[in-house]
Amino acid sequence: MWTSFERLVEVCCRHAWTVLAACFVFAVASGVYVTRNFQMDSNSENLISPDVPWRQNNIEFDRAFPQRSNLTVVVIDGVTAERTQEAASLLASGLRTRKDLFPVVRDIAGDPFFAHNGLLYSSVDEVRDTTGHIIAAQPFLAPLAADPSLRGIMDSLSTALLGIEKGQGKLEDLTPAFTAFSDTLQKTLSGQPAFLSWQSLITGKSPTIRETRHIFEVQTLMDYRKLAPGLPAANALREIARDLHLTPEEGVTVRLTGPVPLADEEFMTLTDRAALMSVLMISAILLMLWFAVRSLKIMTAILVTLFAGLAVTTTLGLLLIGQYNVISVAFIPLFVGIGVDFGIQYCVRYRAERHALGSLTRALVHAGRCMGPSLMLASFATAACFFSFVPTDYSGLAELGFVAGSGMLVAFLLCGTMLPAMLEVMKPEGEQTEVGFAKFAVLDRFLCGHKTAVLLLAALVALGGLALLPRLKFDANPLNLRNRQTESMATLIDLAKDPDTSPNTIDVLAPSRSAAQELKTKLESLAEVDHTMTIESFIPDHQPEKLMLISDAALLLDTTLDPLDMKPPPNTEEVRTSIATTAEKLHAVAMKEPNGGTETARRFADLLDALKAADDRTLALTTSAFVPGLKTILEQLRAALSPEMATLDKLPPDLKREWLTPDGRARIQIYPKGVPDENADLEPFADAVRTIAPKAVGSPIGTLESGRTIVRAFIQAGALSLLAMVFLLAIALRDVRDVLLTLLPLLLIGILTFSSVVLFRMKLNFANIIVLPLLFGIGVAFNIYFIMHWRAGGHAFLQSSLTRAVLLSAATTASGFGTLWLSRHPGTASMGALLTISLAWTLIVTLFFVPVLLECVWPRSRPTKDGAFP
């Protein structure tokens, strides 16, 4: 079996031009096919098989509520409650004009139903308190409602000051209003946009975050052929917001989060610094290749063969799996990493043979004879590692395993065909010196003289590593793999601070409304559950009492909020006159009223004097700061004082569709107790809910179950790959001792790698665990090279050409993939870190432990002069 590779190389060298022509045609055809047919599925939901039970539950829920798929959550924060309401209304209206990008704009909180009936959802005491404040503000509201302009505001203040002059009030009673007006004027007079909070003036309370924040959802059109399928819609949304002047400078911050922006920004983060990392990676690979082969022609042959194999493998993947996903596309660095290794191993061996034999063709064929067994066994073993992922439920990794495994076989085949054919045609110069590391002879002698000490040290280090392994942690929260500085993640974290806006909720689909109420009662009895919501939660309690309180206030404020005589809009001169009049009265009252409100009144009067003399632009800026918010609060008051009995039939259709399906099934939403943000906190919550509702769905369940599915996939794949590895090694080596000698270093590498993770306070996660197949493959390959070298009679390992190949192959892979450590994406950076650590241990174990281990068993034959194959 081992001679087949030698014969293949011999035939390819004899017919080099024909082989090259065929390979180039095949590679070019593959490249053309890839450019025309490459497709990328960036839908993260497809990374796990739809056949697993929890995914089936998700699919059933999505079918029941299709409007909840592909959601972008729009979070609007305003400097005042009025500004927030204005911004939300403007933005929702603007998005509704773009049905091509936003098929559904669902602003339930902004529905007129809640504008009229919002007070009914407060407690009776809260309704009484709110209506009391509104009634108390009646004298101030009347002139404002009749003239909602800057003139009307000034006239209202003048009226209040007249009452103070007549002894009907105190100046200090107006201190809060004067302070608010002065602070706003201070900004507009300096040319800054400002916004007055009328709600605070009326209620006497600062608005809460829930009052200055408005959240609504949009369903986004997705293009899964792109890395960020929702990015065009997100960019359009932000452009619409800018066109509507909904910016921080205008008192509004618009942020996006939810499933679509989170996925898009994660994928975009992956491309951040891509140019820098690519330049560093390519430069490092070229530098290591130069140190390995010392020939531009040989480097060219390796790289051309590598890219040809990449094109062929990519085409094979497209033909068999249709399209790549965000994980399966990672076969590219895997192919490059191990494909370069195959090329370096063969070419370094060729260089050693060229120095010994002189003849180009004889050196190529003899290198094929020497390296054929190692390369064949290494490629088959590595392919088996990758193919072991195919039967798992982790579809993304299963596809990666299939394509990468196929790529290993392609790389091996091209290493025995295209690579020697190119070298035969390009005719690189002969080697003037030996290829090995003669200076390493002292290390060989040291290891040979201290075999017991080296093995004892390895055993002690392994025991120490085993003691650390119980402290190894796996971070199963995928959110920790994302850059928390991105807008979507920062917004999500912000929302999670409020239990009512937390994304960590669970949904249950009940067969009917009555069944939902029964299930709701059971769920709320759980210690892990804070509260639940159903469609019934939107039917307020104690409505008659609340309606009576609101009706009384509405009766008293009827002509106040809806005056019979409305003043026409003022002109600029009328506004300036009203400002001057109010300023004069303020100065006069401040001189006569020696109390706590005097300083505040004088400050306000001075600012009004400055406003009276200001230009028209400043006057317009001041009008924008006072008047729009006034009109908004007046509209809110009119709506809030005209409620009606809320029943199921009167709920908004969009709201009912969020909680009821057309066939009568009902949704229950369950909120966790507290504000959990770690998987350890969410796991008891999710497990407790599923004891009552096994088909529950939601972010906590999806996060936990996806983690369990992925871990289970790696355990299953690890067991399969180990069995496949043992089977292949047993067939190829036919010696139990040699099989154990191949696998034992892998065990040591694993212990050292994972113990280093503990020492460096790192954690395994869903991103860096993906590099383990690559590390396993490279580790197996390196061990096989040394085992086959030893079986052929090789000794003095460190000064041999094999060490040069292994050392520079590992350096090429490490310098290439180590640049991932520079990524701004935490998951990718952790992948680069783990890869670099494991490659370092792989190299140390392979070069210093494996030779001693092999020499301690017994030498297979007498060593040659440089430890090369005989």
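The values are calculated or read from the model by the stated rules, or taken from the named source; none is laboratory data. Owing to the predicted nature of the structure, the values given are computational and were not obtained by experimental measurement. Cβ atoms come from the backbone with ideal geometry, glycine included; neighbour counts cover every protein chain shown. These accessible areas exclude ligands, DNA and RNA; they are computed on the full protein's heavy atoms, side chains included. Shrake-Rupley method; radii C 1.70, N 1.55, O 1.52, S 1.80 Å.
Evaluate the following for A614: is it among the small types (G, A, S), farther than 28 Å from V218 by Cβ and modelled with pLDDT of 90 or more? Walk me through it before giving the result.
Values: among the small types (G, A, S): yes; farther than 28 Å from V218 by Cβ: yes; modelled with pLDDT of 90 or more: yes.
The answer is yes for A614.
Do any helices (runs of 4 or more DSSP H) lying entirely in segment 772-855 carry at least 1 residues that are of a type in the set (D, E, K, R), and which ones are they? Don't jump to the end; show me each part of the working.
Working: elements: 772-791, 801-817, 826-844.
Qualifying helices (runs of 4 or more DSSP H): 772-791, 801-817.
When each of L8, L71 is tested for being under 23 Å from D264 (Cα atoms), among the aliphatic types (A, V, I, L, M) and in contact (Cβ under 8 Å) with a residue 12 or more places away in the chain, the lone residue that passes is L71.
Return yes or no: is K205 touching a strand residue (DSSP E or B) at 6+ places or on another chain (Cβ under 8 Å), on the phi < 0 side of the Ramachandran plot and surrounded by fewer than 20 Cβ atoms within 10 Å (Cβ to Cβ)?
Values: touching a strand residue (DSSP E or B) at 6+ places or on another chain (Cβ under 8 Å): no; on the phi < 0 side of the Ramachandran plot: yes; surrounded by fewer than 20 Cβ atoms within 10 Å (Cβ to Cβ): yes.
Taking the combined requirement at face value, the residue does not satisfy it.
Could you list, in sequence order, the residues of segment 788-817 that are small (G, A, S), open to solvent by less than 20 Å² (accessible area, probe 1.4 Å) and touching a Gly at 6+ places or on another chain (Cβ under 8 Å)?
Looking only at segment 788-817, we keep the residues that are small (G, A, S), and these are 792-794, 796, 800-801, 805, 809-811, 814-816.
Applying the additional criterion that residues be open to solvent by less than 20 Å² (accessible area, probe 1.4 Å) yields 793-794, 800-801, 805, 809-810, 816.
Correct list: G794, S800, S801, G816.
The lone criterion from (1) over 12 Å from N504 (Cα atoms); (2) surrounded by 15 or more Cβ atoms within 10 Å (Cβ to Cβ) left unmet by R734 is number (2). Suppose the filter is open to solvent by 20 Å² or more (accessible area, probe 1.4 Å), touching a residue at least 12 places away in the same chain (Cβ under 8 Å) and in a helix (DSSP H, G or I); does F446 pass it? No, not satisfied.
Filtering segment 196-240 to residues that are within 25 Å of T623 (Cα to Cα), of a type in the set (A, V, I, L, M) and assigned to a loop (DSSP other than H, G, I, E, B) leaves only L196. Put simply, of T131, T159, T84, T175 the only residue that is of a type outside the set (G, A, S), assigned to a helix (DSSP H, G or I), open to solvent by 60 Å² or more (accessible area, probe 1.4 Å) and within 30 Å of P569 (Cα to Cα) is T159. Go through the residues of segment 134-149 one by one and say whether even a single one is surrounded by fewer than 17 Cβ atoms within 10 Å (Cβ to Cβ), within 24 Å of D500 (Cβ to Cβ) and under 52 Å from the mean Cα position of the chain (by Cα). Looking through segment 134-149, none of the residues is surrounded by fewer than 17 Cβ atoms within 10 Å (Cβ to Cβ), within 24 Å of D500 (Cβ to Cβ) and under 52 Å from the mean Cα position of the chain (by Cα). Evaluate segment 408-418: report whether one residue or more is over 30 Å from G718 (Cα atoms), modelled with pLDDT of 80 or more and buried (at least 24 other Cβ atoms within 10 Å of the Cβ). Yes, that holds for at least one residue.
Restricting K451, K427, K439 to those that are over 22 Å from S800 (Cα atoms) and open to solvent by 50 Å² or more (accessible area, probe 1.4 Å) reduces the list to K427.
Here is a check on your reading of the model: is D552 acidic (D, E) and either within 30 Å of S123 (Cβ to Cβ) or in contact with a Phe, Trp or Tyr (Cβ under 7 Å, 6 or more places away or on another chain) (or both)? Can you show your working first?
Values: acidic (D, E): yes; either within 30 Å of S123 (Cβ to Cβ) or in contact with a Phe, Trp or Tyr (Cβ under 7 Å, 6 or more places away or on another chain) (or both): yes.
Against the criterion (acidic (D, E) and either within 30 Å of S123 (Cβ to Cβ) or in contact with a Phe, Trp or Tyr (Cβ under 7 Å, 6 or more places away or on another chain) (or both)), D552 qualifies.
Quick test for you: out of L655, L634, pick the one residue that is under 29 Å from R63 (Cα atoms) and either in a helix (DSSP H, G or I) or open to solvent by less than 50 Å² (accessible area, probe 1.4 Å) (or both). It is L655. Examine segment 462-474 for a residue that is open to solvent by less than 80 Å² (accessible area, probe 1.4 Å) and more than 30 Å from V757 (Cβ to Cβ), and state whether such a residue exists. Checked against the condition, which is being open to solvent by less than 80 Å² (accessible area, probe 1.4 Å) and more than 30 Å from V757 (Cβ to Cβ), segment 462-474 yields no hits at all. Scanning segment 315-354 for residues that are surrounded by 23 or more Cβ atoms within 10 Å (Cβ to Cβ) and part of a strand (DSSP E or B) returns a single hit, Y324. Looking at segment 493-610, the helices (runs of 4 or more DSSP H) lying wholly inside it that each contain 1 or more residues that are at pLDDT 90 or above, open to solvent by 60 Å² or more (accessible area, probe 1.4 Å) and touching a Leu at 6+ places or on another chain (Cβ under 8 Å) sit at 513-524, 572-592.
Condition check: charged (D, E, K, R), open to solvent by 20 Å² or more (accessible area, probe 1.4 Å), at pLDDT below 90 and not in a loop (DSSP other than H, G, I, E, B). Does E399 satisfy that? Steps first, please.
Details: charged (D, E, K, R): yes; open to solvent by 20 Å² or more (accessible area, probe 1.4 Å): yes; at pLDDT below 90: yes; not in a loop (DSSP other than H, G, I, E, B): yes.
For E399, the condition - charged (D, E, K, R), open to solvent by 20 Å² or more (accessible area, probe 1.4 Å), at pLDDT below 90 and not in a loop (DSSP other than H, G, I, E, B) - is met.
Restrict the check to segment 722-738 and report whether at least one residue is touching a residue at least 40 places away in the same chain (Cβ under 8 Å), under 26 Å from I670 (Cβ atoms) and touching a Phe, Trp or Tyr at 6+ places or on another chain (Cβ under 6 Å). No, segment 722-738 has no match at all. In segment 339-352, the residues that are over 11 Å from Y785 (Cα atoms) reach residues that are open to solvent by 10 Å² or more (accessible area, probe 1.4 Å) and outside any helix (DSSP H, G or I) with C-beta atoms within less than 6 angstrom, at least six apart or across chains, in these pairs: R351/E431. If you go through segment 315-358 and keep only what is at pLDDT 90 or above and of a type in the set (S, T, N, Q), you end up with just T315.
Can you find a residue in segment 23-44 that is assigned to a helix (DSSP H, G or I), touching a Gly at 6+ places or on another chain (Cβ under 9 Å) and either free of Cβ contacts under 8 Å to residues at least 40 places away in the same chain or within 22 Å of P700 (Cβ to Cβ) (or both)?
Step one: list which residues in segment 23-44 are assigned to a helix (DSSP H, G or I), which gives 23-37, 44.
Keeping just the survivors that are touching a Gly at 6+ places or on another chain (Cβ under 9 Å) gives 27, 44.
Retained after the next criterion (residues that are either free of Cβ contacts under 8 Å to residues at least 40 places away in the same chain or within 22 Å of P700 (Cβ to Cβ) (or both)): 44.
Checking segment 23-44: at least one residue is assigned to a helix (DSSP H, G or I), touching a Gly at 6+ places or on another chain (Cβ under 9 Å) and either free of Cβ contacts under 8 Å to residues at least 40 places away in the same chain or within 22 Å of P700 (Cβ to Cβ) (or both).
Within segment 823-836, being surrounded by fewer than 22 Cβ atoms within 10 Å (Cβ to Cβ), closer than 13 Å to V757 by Cα and among the aliphatic types (A, V, I, L, M) holds for one residue alone: A833. For G258, the conditions (1) closer than 30 Å to E217 by Cα; (2) out of contact with any strand residue (DSSP E or B) (no Cβ under 7 Å at 6 or more places or on another chain); (3) open to solvent by less than 20 Å² (accessible area, probe 1.4 Å) are fulfilled apart from (2). The single residue among P684, P694 that is assigned to a helix (DSSP H, G or I) and within 30 Å of Q517 (Cβ to Cβ) turns out to be P684. Scanning segment 66-80 for residues that are out of contact with any strand residue (DSSP E or B) (no Cβ under 7 Å at 6 or more places or on another chain) and open to solvent by less than 10 Å² (accessible area, probe 1.4 Å) yields a single hit, T80.
Please enumerate the residues belonging to segment 748-765 that are touching a residue at least 24 places away in the same chain (Cβ under 8 Å) and assigned to a helix (DSSP H, G or I). Spell out how you get there, then give the answer.
We begin by selecting, within segment 748-765, every residue touching a residue at least 24 places away in the same chain (Cβ under 8 Å); these are 748-749, 751-760, 762-765.
Result: L748, I749, I751, L752, T753, F754, S755, S756, V757, V758, L759.
In this structure, does P628 turn out to be modelled with pLDDT of 85 or more, more than 30 Å from the chain's Cα centre (by Cα) and open to solvent by less than 60 Å² (accessible area, probe 1.4 Å)? Answer is yes for this residue.
One residue is enough: does segment 524-544 have a residue meeting the conditions in contact with a Ser or Thr (Cβ under 6 Å, 6 or more places away or on another chain) and of a type in the set (D, E)? First the steps, then the outcome.
In the first step, residues of segment 524-544 are kept if they are in contact with a Ser or Thr (Cβ under 6 Å, 6 or more places away or on another chain); the result is 524.
Among the residues that remain, those that are also of a type in the set (D, E) are: 524.
Yes, that holds for at least one residue.
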